[in-house]
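Structure first, commentary second.
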Amino acid sequence: MSSPCDPQYAPAGDVGAALLMIDSRLKAIYDGRTETDPEQQQLIDQFTASLGPREARDVLDGACTLIFMFMKWLRMAYEDHDKDVIECVVPNFVATMRMMPRSVRPEVIPTMAGLVVAAGTGLSPSLWRQQYGDWTEDEMNPLEATAFLLAEHINRITDDRDFATRLITEALSRADQD
């Protein structure tokens, strides 16, 4: 039986814009810049301000698509080693988010964990979240952090700082060719 949260019903959104934001955060962290660069933040703020409601929704959907794709890859990788992706990813993910109180309010951690579990079980994070109403302002940084943490997890287990970004760009290239 098909679920209303099946990814086939979900909009992909602006995956490119979402990936650009995640990739720039990854590169900054890997370069040892843990504080947001004021110039980079100004560019992000300008980009965000230029978005209308539809474009903002597209970036949100794009971030959810990234989360889905990252979790799909992680699920396959862990299954190859007879491990459960939820068991291997979610506890560490939640513990890491709890260590980020300036970016992630404690009350949104269950929602972000739910997004990861939804994606890990093959559901669309975007459609799963939609059942509970509109996105809130308090969920924006945690959503970005969720995609970032999953990408970083992939990069760490592959021992390749660009693997997660390359994974998505190659998938987008294949989709464009089809």
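A 1.4 Å probe over all protein chains sorts HIS81, HIS153 by accessible area into HIS81, HIS153, starting with the largest. Springs join every pair of Cα atoms under 10 Å in this Gaussian network model of the chain, and among ARG129, ARG57, ARG102 the largest mean-square fluctuation is at ARG102.
Relative to the current alpha-carbon distance between ASP6 and MET100, full extension at 0.36 nm per residue lengthens the span by 30.8 nm.
At a Förster radius of 30 Å, what calculated FRET efficiency corresponds to the Cβ-Cβ distance of LEU43 and ARG166, to the nearest 0.05? Intermediate results must be reported in sequence, preceding the final value.
On the way: r = 23 Å, r/R0 = 0.77.
The pair LEU43/ARG166 has a calculated efficiency of 0.85.
Among TYR9, TYR30, the sequence by solvent-accessible area, most first, with a 1.4 Å probe is TYR9, TYR30. If a/c stays under 1.5 just call it rounded; otherwise compare a/b with b/c (prolate if a/b is bigger, oblate if not). Do that for the chain, with a ≥ b ≥ c from the square roots of the Cα gyration tensor eigenvalues. Rounded shape, in that the Cα axes give a/c under 1.5.
Among SER126, SER24, SER50, the largest mean-square fluctuation in a Gaussian network model of the chain (Cα springs under 10 Å) belongs to SER50.
Projecting the Cα atoms of THR111, TYR30, ALA56 onto the dipole axis of the chain, where Lys and Arg carry +1 and Asp and Glu carry -1 at the beta carbon, places THR111 farthest toward the positive end. Region 1-65 to region 100-178: how many Å between their Cα centroids? Comparing the Cα centres of region 1-65 and region 100-178, I get a distance of 10 Å. Computed from the C-beta positions of LEU51 and GLN130, the FRET efficiency with R₀ = 22 Å rounds to 0.70.
The values are calculated or read from the model by the stated rules, or taken from the named source; none is laboratory data. What you are looking at is a predicted structure, and each value in this text was computed from that prediction instead of being measured. Don't worry about glycine lacking a Cβ; one is built from the backbone with ideal geometry, like all the others, and counts go over all protein chains shown. Accessible surface areas use protein heavy atoms only, side chains included; no ligands, DNA or RNA. Shrake-Rupley method; radii C 1.70, N 1.55, O 1.52, S 1.80 Å.
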